[in-house]
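S.K.: For reference, the structure I am asking about is given below.
Readers should treat all values here as calculations from the given coordinates under stated rules, not as data from a laboratory. Quick caveat: nothing in here was measured; it's all calculated off a predicted structure. Neighbour counts run over all protein chains shown; Cβ positions are idealised from the backbone, glycine included.
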Amino acid sequence: MTHATKAIYRLLLSDYVKVSKVSVEDMLYDEQDILRTMDKIEVIDFHQTLEVNGIRFWCYTAGHVLGAAMFMVDIAGVRVLYTGDYSREEDRHLRAAEIPQFSPDICIIESTYGVQLHQPRLIREKRFTDVIHSTVSQGGRVLIPAFALGRAQELLLILDEYWSNHAELHNIPIYYASPLAKRCMAVYQTYINSMNERIRNQFANSNPFDFKHISPLKSIENFDDVGPSVVMASPGGLQSGLSRQLFDKWCTDKKNACVIPGYVVEGTLAKTIINEPKEVTLMNGLTSPLNMQVYYISFSAHADFAQTSTFLKELMPPNIILVHGEANEMARLKQKLITQFADRNAKIISPKNCQSVEMYFSSEKMAKTIGRLAEKTPEVGETVSGLLVKKGFTYQIMAPDDLHIFSQLSTANITQRISVPYSGAFGVIKHRLKQIYESVEAPSEEPDVPTLIVHERVTIRQESENYVTLQWSSDPISDMVSDSVVAMILNISREGPKVTAVAEAKKTEEETEKMAQKVIYALFVSLFGDVKIGEEGTLVVTVDGDVARLDGKNGEVECENEGLKERVKTAFRRIQSAVRPIPLSAS
Amino acid sequence: MGTSVQVTPLCGVYSESPLCYLLSIDGFNFLMDCGWNDLFDENLLKPLARVAPKIDAVLLSHPDILHLGALPYAMKHFKLSAPVYSTEPVYRLGLLTMYDHYLSRRQVSDFNLFTLDDIDTAFQNVTRLTYSQNYHFPDKGEGIVIAPHVAGHLLGGTMWKITKDGEDVVYGVDFNHRKERHLNGTVLESFVRPAVLITDAYNALNNQLYKRQRDQEFIEAILKALRADGNVLLPVDTAGRVLELILILEQYWAQQHLTFPIFFLTNVSTSTIDYVKSFLEWMSDSIAKSFEHTRDNAFALKHVTLIINKNELEKLAEVPKVVLASMASLEVGFSHDIFVEWATEAKNLVLFTEKGQFGTLARMLQVDPPPKAVKVTMSKRVPLGGEELKAYEEEQSRIKKEEALKANLIKEEELRTSPGADANVAVPMVIDANSSHVSSNVASSRFGEHLDIVIDGFIPPATSVSPMFPFFENTAEWDDYGEIINPDDYIIKEEDMDQASMQCIGGELDGKLDEGSAHLLLDSTPSKVVSNEMTVQVKCGLTYMDFEGRSDGRSVKSILAHVAPLKLVLVHGSAEATEHLKQHCAKHVCPHVYAPQIDETIDVTSDLCAYKVQLSERLMSNVIFKKMGDYEIAWIDAEVGKTNDMLTLGPLSSTPPTHKTVLVGDLKLADFKQFLASKGVQVEFAGGALRCGEYVTVRKISDSNQKGVTGTQQVVIEGPLTEEYYKIREHLYSQFYLL
């Protein structure tokens, strides 16, 4: 969350904990839990790009309340915008929601106001100030029930400014009554930089949240109710607390007024009095006539239909997901958007709670070949071999020697040196080795001790009368060669010198070929099940009705099903390389 | 092929002069910082003057004179019109720093290199970015992305990362890796292997004391002077390091319940702190945290008094006190005046917290041993009186007359064209075109002398023969529905409230100025500067402590080794420091280290080859990645194909050739030791090698200093043929990935 959100979050939740006077067992969380979450919260500044596991995200101003943000999430090039609550209308202190620089692939957008349209801000403000002005000038009191944070600050700005411009009102006090008031103001006075140009310019003169005509009010005891005044008090629903106490006091006088400045929850007194009933029930249970004037002027900062549709028109997202709205209102919005964007064939979805929406994006994976491997751009048909390094969603192909240059990874060579007890003649080892390996050489320059090199991999040296050492650098094939050499040396010492010419049973080419085919057939049966031997060494593989013909000599596969063809081909290639002798010369 | 990158220093190499470098990336010219010194020496800017018009963007890294001081001057005189990019605090505090310098200069001299308006104009072009915000350049700079990152040192201090085609060029000067009271440490270490790193060698030869020890000495030095009934002067910058000093003092005063007054004295001190209070997002985590928990803004100062002129100090003349006053160089400003006053008393202390700029009074006083006496110029702006005032007034009225004349001529010029166009209505007497032309010339020259006698606002029409008041017929246009009106005239202005408040803002200067300073600016009483040279006997204590908030030499070296850029460019630092760091880096960091001279262009284009390919789905489905930290890695053998002019990689049609096995991993013997111990093998270090069990030893022969150069580690395992050998080999293999 943003810095301002984090500060407000802390305030609101601790206030909730303090206000909710339920038993300890019913408490959902306590102050300690809030503190623990504070350490877990990472802050992000507007436009700052963060990356977690290769997923990048950043946020834009949303214009709903101070610190409100819209998040853009970029996963391997697919961008998702989540607006949260947003408003495209700039007000006194907040910037309007930004239009992101890049169009998202999916836009998850709120639909609180559905197809409704707002009154222009200036008209609303004028109504608001007119009502208050006329009430106080006739000697009445004005009660504005509002939440302590968020829209309240906007209203205070309006009032403070109106008072500054109307000298005749200067003797009428405005109170901002909330136990949170002072601490809320500290937040607003600090995060000036998350607000709009207007406020920041004013800040150059003096902090606009240092109100000149508004004084904080802690509780009703400190309130000296003589003559006209304007009081903004929480809670906004008039359920209890200070706003209710004042309401009870003032509701009988028809000179007084109550201005409800935004959305109110169903079932609260504030909702009830909007319909201007004749009588209301007071907190002490008595009924009393409702004579005071009641006005409903909405200042809630959600986008209306005009804003939503222009926002979407500019962004042109191919997929729109509607969330957060009352079902009927949302359905109407969906219909209207569908007709509006009919020509662009945008997909509009309004999922229910817990219903997941799945979308598939096949993104082209691009890799960058760098370093030694890229010295020459290859032609079609050439092969490229190297390390494919994936970090986040970026791919790079490089030669192993370049790995440490382009990444933090490094490569290693492991040299192994092992001494094997052997007291026989070195010549015997050489003789035996020559029987197994094609290449057994003495080193080019004369060494101090008898030395042999097998296939340029394993070096065998007779260090002393009692043992020989083997040295090689690790890789699977060298390990295998060395193992066989060790085994051989051990056998020599065990069996003693026994030189017998083994008559090598030379297999004919044909037999080898036959063996190989047999093996291939057996392995194919275990892999695919239904395999028949066709004419001229072809294998016919049948899987779920798809037939693939494999030419056993050159590995050609005929098949209509691409997937099966690929699998057969790969299987054949792997079997081939397993059946053939291991190439020992280092490539 | 790689992106072409050139660096040309314009100022500030092989010396500690201000920073200013030209960096061009594929022909797009960045000006990295635009600094000047406290003396405003125009000679330093000559190289900048030559290149200024072709610059496409200016990036600022710190809000002090050395990094942005020349911006207003360059904008005014060098046709520098490129957009400027910086963080919000650099913009704001930079602006205040410029104001403070201007006002300090203006008080003691007829400073005319730039005016307050020039400062405002220069800073109007600044685009503000937040840390890690990726800004994509449009048009000419297509494909270039810049992002500021935390540098430490000063509030809002920035390291710029410029990316093009996946290659990073990082410009990081004056960074601080240590976390301080009000700032987080730099994130330079999180950049890995950038193609080019441009950094400074300023502190290459300096090593610092531990922070706590340094703070302690700092406080002790101050308290010693105060308890001996002396005053302490801290010459500081306007809005940079002073913030840290304020917090140190504030914290200590609160802990110890001290009552000595502390003053923060600059021309803009109150607005500086006001702005700083709203920059919590840019400060250290601990400050943000304390605000979240207690709502206490660390810069809601309880012990430090903000003042904007010396009157306050004079009231408390006898009380020992601490004064933080700008400028740090003691050249001009409050610190200069206070120094001259206090220097002659031995009980006072002048405590320098940063190295003075070359050639300034502060630098002179920092030599060891300090000079016994220094020459200073005391200047004062005094109101004009008597003869001078008369002369001045005459001069002013003459200028005014000239201006009025000029204005009138211009107006006349306008009038000649405007009513002349619909002259048919306004002036019925039409003489033929030629003669009217002549007569207007005659008229203007004839009435020239009389103009200021005639009522202001009246200008004879160009076409008239003799002077007369202009007559405009009220020509209302009519159509079938009546007079044609402009509906806008009848709209009730509902924005009254908005406008009223906006207007009062518009009238003020863009940045907020303290009343005293504003008074000074708007004060139009004629004044002149009187200066006299005097010699000050320096008897007060002089101490220098390093509170510059830059990484020290040792840390710089280890950070550079960690970042391991492919190419390194060194700037800003004395000749010795630059040379020293160059030698060091060439040996231990990377082979390509450059330290160019002024106006010397070096090409640091990476010799890296690269091309892009598309990875086909069929290839990727057969690749099995192995995960190593942030990376996933696999060996591929692929065949090159082509679709739509794009190279693609698909699977091989034939059996892949065998390749040399690659072991990937970074073996740390110490970690391996623990690993083996956990597996129940007896291990110990013996002579640099790891002895495992009875007979087997594991050694590393790669030398770690050369990591950047060789890259591959050499590990040797040896021992007799035993079961243990194979077991340990197995464990060793488990530390690597085999590809």
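S.K.: Other chains' Cβ within 10 Å of B:275-284 residues: what's the mean? Don't jump to the answer; show the numbers that get you there.
M.R.: Details: counts 4, 0, 4, 10, 3, 6, 11, 3, 0, 0.
Partner Cβ neighbours, averaged per residue: 4.
S.K.: Using +1 on the beta carbon of Lys and Arg, -1 on that of Asp and Glu, and nothing else charged, what's the dipole of segment A:247-320 about the Cα centre, debye to 20? Each step should come with its number before you reach the end.
M.R.: Values: 6 positive and 7 negative charges, 32 e Å.
I would put it at about 160 debye.
S.K.: Please average, across the residues of A:365-374, the number of beta carbons from any other chain that are within 10 Å of each residue's own beta carbon, and give a whole number.
M.R.: On the way: counts 8, 6, 11, 6, 7, 9, 3, 1, 3, 7.
Per-residue shielding by partner chains comes out at 6.
S.K.: B:LYS79 versus B:ALA476, label points 7 Å from Cα toward the beta carbon: distance in nm?
M.R.: Result: 5.4 nm between the two label points.
S.K.: So for segment A:321-405: antiparallel DSSP bridges make up what percent, rounded to the nearest 5? Could the numbers behind the result be given before it?
M.R.: Details: 5 of 9 bridges.
The answer is about 55 percent antiparallel.
S.K.: By count of other Cβ within 10 Å, fewest leading, how are A:SER419, B:SER335 ordered? Intermediate results must be reported in sequence, preceding the final value.
M.R.: On the way: A:SER419 21, B:SER335 27.
If I rank by nearby Cβ atoms, fewest first, I get A:SER419, B:SER335.
S.K.: Label-point separation (nm) for B:ASP165 and B:GLU312, each offset 7 Å from Cα along Cα-to-Cβ?
M.R.: A separation of 5.7 nm, rounded to one decimal place.
S.K.: How do A:ILE109, A:ILE533, A:ILE520 rank when sorted from fewest to most other Cβ atoms within 10 Å of their own Cβ?
M.R.: Numbers: A:ILE109 26, A:ILE533 13, A:ILE520 21.
Fewest to most other Cβ atoms nearby, the residues stand as A:ILE533, A:ILE520, A:ILE109.
S.K.: Related question: Sort out for me the Cα centre separation of segment A:140-209 from segment A:1-62, rounded to whole Å.
M.R.: Cα centres, segment A:140-209 to segment A:1-62: 24 Å.
S.K.: Here's another thing I want to ask about it. Given a Förster radius of 35 Å and the C-beta distance between A:GLU560 and A:GLU375 as r, what FRET efficiency does 1/(1 + (r/R0)^6) yield to the nearest 0.05? All intermediate terms of the calculation are to be shown ahead of the outcome.
M.R.: Numbers: r = 41 Å, r/R0 = 1.18.
That pair, A:GLU560 with A:GLU375, gives E of 0.25.
S.K.: Further, regarding this structure: Relative to the Cα centre, what is the charge dipole magnitude of chain A, using +1 at the beta carbon of each Lys and Arg, -1 at the beta carbon of each Asp and Glu, and rounding to the nearest 20 debye?
M.R.: Roughly 1320 debye for chain A.
S.K.: How charged is the neighbourhood of A:LEU550? Take every other residue with its Cβ under 9 Å from the Cβ of A:LEU550, and add Lys/Arg as +1 and Asp/Glu as -1.
M.R.: On the way: positive: A:ARG549, A:LYS569; negative: A:ASP551, A:GLU556, A:GLU558.
Neighbourhood net charge equals -1.
S.K.: Order the peptides B:263-270, B:579-586 from the highest to the lowest mean number of other Cβ atoms within 10 Å of their residues. Walk me through the numbers on the way to the answer.
M.R.: Details: B:263-270: 25.1, B:579-586: 18.5.
Sorting B:263-270, B:579-586 by mean packing, highest first, produces B:263-270, B:579-586.
S.K.: Taking 27 Å as the cut-off for C-alpha to C-alpha distance, list the pairs among A:LYS40/A:LYS313; B:LYS375/B:LYS528; B:LYS321/B:LYS355; A:LYS434/B:LYS626; B:LYS277/B:LYS321; B:LYS211/B:LYS557 that go past it. Don't skip to the end; give the middle numbers.
M.R.: Details: A:LYS40/A:LYS313 37 Å; B:LYS375/B:LYS528 22 Å; B:LYS321/B:LYS355 23 Å; A:LYS434/B:LYS626 39 Å; B:LYS277/B:LYS321 25 Å; B:LYS211/B:LYS557 19 Å.
Pairs exceeding 27 Å: A:LYS40/A:LYS313; A:LYS434/B:LYS626.
S.K.: Once you keep just the Cα pairs under 8 angstrom separated by 6 or more residues, what percentage relative contact order results for chain A? All intermediate terms of the calculation are to be shown ahead of the outcome.
M.R.: Values: 902 pairs, mean separation 60.8, N = 587.
Relative contact order of chain A: 10 percent.
S.K.: Something else about it: How large is the charge dipole for segment B:582-670, taken about the Cα centre, if only the Cβ atoms of Lys, Arg (+1) and Asp, Glu (-1) carry charge, to the nearest 20 debye? Before the final figure, lay out each step's value.
M.R.: On the way: 9 positive and 11 negative charges, 90 e Å.
Taking the Cα centre of segment B:582-670 as origin, the dipole is about 440 debye.
S.K.: For segment A:133-247, just the Cα set please: Rg and Dmax, both in angstrom.
M.R.: 14.3, 40
S.K.: Also, quick follow-up: Just going by the charge dipole of the protein assembly as shown, with Lys and Arg at +1 and Asp and Glu at -1 on Cβ, which of B:ASN184, B:VAL173, B:MET327 is farthest out on the positive end?
M.R.: Positive-most Cα among the choices belongs to B:ASN184.
S.K.: Using the 10 angstrom Cβ neighbour count as an exposure proxy, how do B:ARG381, B:ARG50 rank, fewest first?
M.R.: Working: B:ARG381 16, B:ARG50 13.
Ranking B:ARG381, B:ARG50 by Cβ neighbours within 10 Å, fewest first, gives B:ARG50, B:ARG381.
S.K.: Quick check: Cα centre of segment B:166-215 to Cα centre of segment A:521-545, how many Å?
M.R.: 66 Å
S.K.: Would you mind checking which residues have amide H under 5 Å from B:MET327's amide H? H placed 1.01 Å from N; only 5 or more apart, or other chain.
M.R.: For B:MET327, the qualifying residues are B:VAL332, B:PHE334, B:SER335, B:HIS336.
S.K.: Which of the trypsin sites (Lys or Arg not before Pro) across segment A:259-338 are loop residues per DSSP, with 10 or fewer other Cβ within 10 Å? Walk me through the intermediate numbers first.
M.R.: On the way: sites: A:LYS271, A:LYS278, A:LYS313, A:ARG332, A:LYS334, A:LYS336; in loops: A:LYS278.
Within segment A:259-338, the qualifying trypsin sites (Lys or Arg not before Pro) (loop, at most 10 other Cβ atoms within 10 Å) are A:LYS278.
S.K.: Please name whichever of B:TYR91, B:LEU44, B:LEU234 sits farthest to the positive end of the charge dipole of the protein assembly as shown, dipole taken about the Cα centre and charges placed at Cβ: Lys and Arg +1, Asp and Glu -1.
M.R.: Checking the options against the dipole of the protein assembly as shown, the answer is B:LEU234.
S.K.: Wrap a convex hull around the Cα atoms of the protein assembly as shown, take a quarter of its surface area, and give that in square nanometres. Write out the running numbers ahead of the final one.
M.R.: Details: hull surface 307.5 nm².
Over all viewing directions, the protein assembly as shown projects a mean Cα-hull area of 76.9 nm².
S.K.: In deg cm²/dmol and to the nearest 500, what is the mean residue ellipticity at 222 nm of the protein assembly as shown if only DSSP H runs of at least 4 residues count, each as -39500 (n - 2.57), divided by the residue total? Write out the running numbers ahead of the final one.
M.R.: Details: 37 runs with 435 residues, N = 1326.
Mean residue ellipticity, 222 nm, calculated: -10000 deg cm²/dmol.
S.K.: When we measure straight from the Cα of B:LYS46, which aspartates and glutamates land under 13 angstrom away, once same-chain ones fewer than 8 places off are left out?
M.R.: B:LYS46 reaches B:ASP599.
S.K.: Could you work out how far apart the two model spin labels at A:VAL357 and B:LYS668 are, taking each label as a point 7 Å from the Cα in the direction of the beta carbon, and quote it in nm?
M.R.: 4.6 nm
S.K.: Over the alpha-carbon set of segment B:594-739, divide Rg by the Kirkwood Rh and report the Rg/Rh ratio to two decimals. Let's see the in-between values first.
M.R.: Details: Rg = 22.0 Å, Rh = 19.6 Å.
Taking Rg over the Kirkwood Rh, I get 1.12.
S.K.: Right, something else. So if I take the centroid of the Cα atoms in segment A:350-416 and the same for segment B:2-74, what is the distance between those two points in Å?
M.R.: 38 Å
S.K.: Farthest toward the dipole's positive end in segment A:99-138, which of A:PHE128, A:LEU117, A:ILE106, given Cβ charges of +1 (Lys, Arg) and -1 (Asp, Glu) about the Cα centre?
M.R.: Checked the options; the winner is A:PHE128.
S.K.: Still on this structure, I have one more. Let me confirm one metric for peptide A:396-408, namely the mean number of other chain beta-carbon atoms within 10 Å of its residues' beta-carbons.
M.R.: Numbers: counts 4, 7, 1, 1, 10, 3, 2, 7, 11, 7, 4, 8, 9.
Shielding by partners across A:396-408 averages 6.
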